[in-house]
Amino acid sequence: MPEGKMSGERCIQLSLDNKCQLFGKPERPSVCLSIAPSLEMCGEEPWQAIKWLLDLEKATTPNLQ
Ligand code: SF4
């Protein structure tokens, strides 16, 4: 995504089963490499990771009013 990824925009590198198609490849963006998975972030089920992302998105969305 040469123009960057908007907040909330699905990465074009995600496969249909939500796996990074660049994982382990040198072209994976450095920002992605800098994020270390943790139990707090990933949870034990996929829905917990999605909730964490949505909560983070909500907490960091600027108030546009
Ligand atoms: S780790 Fe980075 S490149 Fe891979 S799917 Fe997620 S945002 Fe896209």
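Laboratory data are not the source of any read-out in this text; all were calculated from the coordinates shown. This structure is a prediction, so every number in the text was calculated from the model and none was measured. Quick reminder, even Gly has a Cβ in these numbers, built from the backbone with ideal geometry, and neighbours come from all protein chains shown.
Things to note:
- Cα-based convex hull volume of the chain per residue, rounded to whole Å³: 118
- Here the chain is treated with +1 on each Lys and Arg Cβ and -1 on each Asp and Glu Cβ, and its dipole about the Cα centre works out to around 160 debye.
- Only helices enter the 222 nm calculation for the chain: every DSSP H run of n ≥ 4 contributes -39,500 (n - 2.57), and dividing by all residues gives -9500 deg cm²/dmol, rounded to 500.
- Whole-Hz ³J(HN,Hα) from phi, Karplus 6.51 cos²θ - 1.76 cosθ + 1.60, for the range 48-56, glycine and proline x: 5, 5, 5, 4, 4, 5, 5, 5, 5
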